[in-house]
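The structure under discussion appears below in the form of structure tokens.
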Number of protein chains: 2
Amino acid sequence: MSGTKAKRQPRADARRNMHALLDAAMEVFATSGVDAPIREIAEKAEVGVGTLYRHFPQRSDLIVAVFRKEVDACAAAASIMAEQYEPGEALERWLDRFIEFVAAKRGLSAALHSGDPAYDPLPAYLMEHLAPAASRLLQAAATAGVVRSDVEAPDLLMAVAHLCSPDGKGGITEASRRMVSLLIDGIRYDARGQP
Amino acid sequence: MSGTKAKRQPRADARRNMHALLDAAMEVFATSGVDAPIREIAEKAEVGVGTLYRHFPQRSDLIVAVFRKEVDACAAAASIMAEQYEPGEALERWLDRFIEFVAAKRGLSAALHSGDPAYDPLPAYLMEHLAPAASRLLQAAATAGVVRSDVEAPDLLMAVAHLCSPDGKGGITEASRRMVSLLIDGIRYDARGQP
DNA sequence: TTAAATACGGAACGTCATTCCGTTTATCAA
DNA sequence: TTGATAAACGGAATGACGTTCCGTATTTAA
């Protein structure tokens, strides 16, 4: 007998529903914010609420799962950008992607500040997964000589996040985009008259 | 006919209930956070929920009213401290009072980030009312030579607020108090070896 | 093919915020 | 003091929501 038991694999319909729920939740959260009724999500996934609760016993479990999935997608985008574009443009395009991610978190910052311990690990998760991705892009761009080499990935992510999620609820503002543009210009060599 | 009509004064029982509701809400919010059921507040005020809604049509109206009342009380405390203590101690004691205020805002920061426009004016209200109070104390202390004169009141308030309300939910932590202590030491002349 | 394990659906429950309306109370002029 | 009237009160009713429960349906493995 092994301490870690090899349980039967999850049933096919269970996996299917699980993915349907995640997709539906992602869409509903993006449209109506994280406060959207859980029934709406079950409906969009064409699943009963009982099934939803089987997979995500608490509402926060669903929110956490969607958050992680989106963080992972954002991290994966970094590799894709790195492959398809030269270092400078890859970094820029990925930051745009990251801005989109942050801006889509309408209402989530409220959840993060709600005091519910379920959300405590999320900021760390974000940093742990996105900082390495950002760091690779930064280093590649620095090596190519298009950005400064003294910019730390966590600082950059925090700065962009703060510039983009300021007060209101609605999506990304023009002001946010302009501020991030300034930030990016500050990172470039050629904007500072340096070699 | 006058444009501004002189309506009859509010009825006596109405005023009484209004105050009872504010007091009850203050107590309940402090005990159970701003998410406490509205019925609990009505009960503690010995009033029906209908009466509560007559005075505060939306839940947020009650929260806003309590917030403002507490800001006002904190601002008023500044004058009292200034009268009763010498400048250095007055500033220190008032900051303690301010810390208490910030720490008691359990759950309110979530409301502030909820995107509900009802709460948008609150941060400005806080600054407008507390910064002048803090400024007077700072200037008095600076004139008396016990603190530096280059500290701006809004900066001080923001710094203390950030040090005290960081992540958890529970009341003020020992760590917060220590950090604020350090901040205050940094404001003193005698801690820097300056005249 | 069949029995057990697993998963499903959605009605039912308890909790809230909010509304509605019949009843009570304070106010003021007579 | 009294009576009419506007103002305010109380709490049952409503509707939305999160969560639980359990009888039924489906998948899996032998």
Query - In the stretch A:52-67, residue farthest from the other protein chains (Cβ to nearest Cβ) [restricted to those that are assigned to a helix (DSSP H, G or I) and near DNA strand D (Cβ under 8 Å from one of its atoms)] - result: A:Arg54
Report task. Examine the stretch A:126-147 for a residue that is surrounded by fewer than 20 Cβ atoms within 10 Å (Cβ to Cβ), touching a residue at least 12 places away in the same chain (Cβ under 8 Å) and at positive phi, and state whether such a residue exists. Result -> yes
Query - Test for B:Arg93: is it without any contact (Cβ under 8 Å) to a residue 24 or more places away in the chain and not in a loop (DSSP other than H, G, I, E, B) - result: yes
Report task. Restricting attention to the stretch B:52-85, report how many residues are among the aromatic types (Phe, Trp, Tyr) and within 16 Å of the chain's Cα centre (by Cα). Result -> 1
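Filter the stretch B:96-117 for residues that are outside any loop (DSSP other than H, G, I, E, B) and open to solvent by less than 40 Å² (accessible area, probe 1.4 Å); which is nearest to the other protein chains (Cβ to nearest Cβ)?
My answer is B:Ala110.
Condition check ((1) part of a loop (DSSP other than H, G, I, E, B); (2) within 15 Å of DNA strand D (Cβ to nearest atom); (3) in contact (Cβ under 8 Å) with a residue 12 or more places away in the chain; (4) in the same structural domain as B:Ser109 (by TED's automatic domain parsing)) across all residues:
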site	(1), (2), (3), (4)
B:Arg16	no, yes, no, no
B:Met26	no, no, yes, no
B:Ala36	yes, no, no, no
B:Ile41	no, yes, yes, no
B:Val47	yes, yes, yes, no
B:Gly50	no, yes, no, no
Report summary line: Filtering the stretch B:11-67 for residues that are within 28 Å of B:Val102 (Cβ to Cβ), among the hydroxyl-bearing types (Ser, Thr, Tyr), near DNA strand C (Cβ under 10 Å from one of its atoms) and surrounded by fewer than 16 Cβ atoms within 10 Å (Cβ to Cβ) leaves a count of 1
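The values are calculated or read from the model by the stated rules, or taken from the named source; none is laboratory data. All of these numbers come straight from a predicted model, not from anything done at the bench. Reconstructed Cβ throughout: ideal geometry from the backbone, glycine too, with neighbour counts over all protein chains shown. Protein only, heavy atoms only, side chains kept; ligands, DNA and RNA dropped before computing areas. Shrake-Rupley method; radii C 1.70, N 1.55, O 1.52, S 1.80 Å.
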